[in-house]
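I have placed the structure first, in the form of structure tokens, so that the comments after it can refer back to it.
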Amino acid sequence: MTTVIREFQDGDVDAVVALWLAAGVSRPWNDPARDIAFARRDPHSTILVIEREAAIVATVMVGEDGHRGWVYYVAVDPQLRDLGLGRAIMEAAERWLSARGVWKVQLLVREENGATRHFYEHLGYRDTRTICLQKVIGEATG
Ligand SMILES: CC(C)(COP(=O)(O)OP(=O)(O)OC[C@H]1O[C@@H](n2cnc3c(N)ncnc32)[C@H](O)[C@@H]1OP(=O)(O)O)[C@@H](O)C(=O)NCCC(=O)NCCS
């Protein structure tokens, strides 16, 4: 079985959006195609995928903001959970950040997503005891 970790390519949009919908990581108020284009617009962020037998089976959106690394859209094909793909894509994101000199990575988990929180804690992520405040400051573009 051929498994490759690689950067997102132009032809991946439909497969990645389908995976995000199946995995439940795409929120109704976010346009996934726009989010993909926005993450790929400059070298500070990208999307990494795991491709297995010509199918995209895991993703992570990863980037740095000049201070910290961030990951979003961590998703594994629901048919292929508990096989190490989640760990593999997170480690790929950490390597991507380390290669750019970033030494801390953080992420957001919805309070109701307890299982995923435990997955991240198992990988070494710790609660920073902070809250996330957000404000919409413009129209979504991209
Ligand atoms: C969370 C998710 C990415 C995990 O992917 P996965 O491929 O099933 O995870 P892995 O098989 O790579 O597990 C890696 C390790 O975490 C552990 N783990 C997995 N789920 C766990 C959980 N809910 N609680 C504790 N540990 C967990 C595994 O036992 C494994 O341990 P090991 O490597 O020491 O043997 C996957 O379930 C998913 O796509 N969930 C839906 C989308 C989602 O919620 N994304 C995150 C949005 S914030």
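Rule-based calculations on the coordinates, nothing more; no lab input. What you are looking at is a predicted structure, and each value in this text was computed from that prediction instead of being measured. A quick note on method: Cβ atoms are made from the backbone with ideal geometry, for glycine too, and the neighbour counts reach across all protein chains shown.
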Checklist entry - Tell me, what HN-Hα J-couplings in whole Hz come from the Karplus equation 6.51 cos²θ - 1.76 cosθ + 1.60 at θ = phi - 60° for each residue of segment 128-140, using x for Gly and Pro? => result 8, 6, 10, 10, 9, 9, 9, 9, 7, 10, x, 6, 5
Item to check | Relative counts (whole %) of C-alpha pair distances in segment 26-135, using bins that are 5 Å wide | outcome: 2, 10, 20, 25, 23, 15, 5, 1, 0
Checklist outcome for this item: With the dipole of the chain defined by +1 on each Lys or Arg Cβ and -1 on each Asp or Glu Cβ, the option from Gly63, Trp103, Ala33 whose Cα lies farthest towards the positive pole is Trp103
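Per DSSP H run of at least 4 residues, take -39500 (n - 2.57); add these up for the chain, divide by its residues and hand me the 222 nm value, nearest 500 deg cm²/dmol. Kindly include the intermediate steps, with their values, before the conclusion.
Working: 4 runs with 42 residues, N = 142.
About -9000 deg cm²/dmol.
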Next on the checklist: Given R₀ = 22 Å, what would the calculated FRET efficiency be for Leu108 paired with Lys135, taking r from the Cβ atoms and rounding to 0.05?
Outcome noted: 0.90
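Among the trypsin sites (Lys or Arg not before Pro) in segment 39-78, which ones are in a DSSP loop with at most 13 other Cβ atoms within 10 Å of the Cβ? Mind listing them?
On the way: sites: Arg40, Arg41, Arg52, Arg68; in loops: Arg40, Arg41, Arg68.
Within segment 39-78, the qualifying trypsin sites (Lys or Arg not before Pro) (loop, at most 13 other Cβ atoms within 10 Å) are Arg41, Arg68.
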Next on the checklist: Give the residue list of chymotrypsin sites (Phe, Trp or Tyr not before Pro) in segment 77-142 that are DSSP loop and have at most 12 other beta-carbon atoms within 10 angstrom.
Outcome noted: Trp103
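Which of the GluC sites (Glu not before Pro) found in segment 92-142 are in a DSSP loop and have at most 10 neighbouring Cβ atoms, other than their own, within 10 Å? All intermediate terms of the calculation are to be shown ahead of the outcome.
Details: sites: Glu94, Glu111, Glu112, Glu121, Glu139; in loops: Glu111, Glu112, Glu139.
In loop regions of segment 92-142 (DSSP not H, G, I, E or B), the sparsely surrounded GluC sites (Glu not before Pro) are Glu111, Glu112, Glu139.
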Checklist entry - Remind me, relative contact order of segment 3-122 in percent, using alpha carbon pairs under 8 angstrom and six or more residues apart? => result 23
